[in-house]
Amino acid sequence: MNPYERYVLPKMIDIACSTGNVMKARSKIVPQAIGKVLEIGIGSGLNLQFYDPDKVSSLLSVWIQQLKCSRWLVSVRLTLAFRLK
């Protein structure tokens with residue numbers, strides 16, 4: 001992974017995904033999650049503030065860091081599953 005992909009691009013995506021309209025949509029959709037939640041592509045965790053701890057018993061997040069289609073190799077980092085309550 002080159003420096004652009006490692007440092008610049010994630011910050012740009014985070015800025016783009018945290019604009020007013022996107023955050024407004026997140027604030028309406030994410031609180032509807034109930035029970036055990038699997039969040040794929042958690043990124044910087046922008047959704048975390050919107051989960052309702054009274055409705056979500058646990059959250060497992062998966063972040064796909066790198067995908068090399070030519071070799072069908074997927075590097076996946078499983079972040080720590082944690083309890084919200």
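The values are calculated or read from the model by the stated rules, or taken from the named source; none is laboratory data. Keep in mind that this is a model prediction, so the values were computed, not measured. With ideal geometry, Cβ positions are generated from the backbone for all residues, glycine too; neighbour counts draw on all protein chains shown.
Points worth noting:
- Inclusion of SER18 among residues that are of a type in the set (Gly, Ala, Ser) and at pLDDT 90 or above is warranted.
- Exclusive hit being more than 12 Å from the chain's Cα centre (by Cα) and either surrounded by 12 or more Cβ atoms within 10 Å (Cβ to Cβ) or modelled with pLDDT of 85 or more (or both), set LEU46, LEU59, LEU84, LEU38: LEU84
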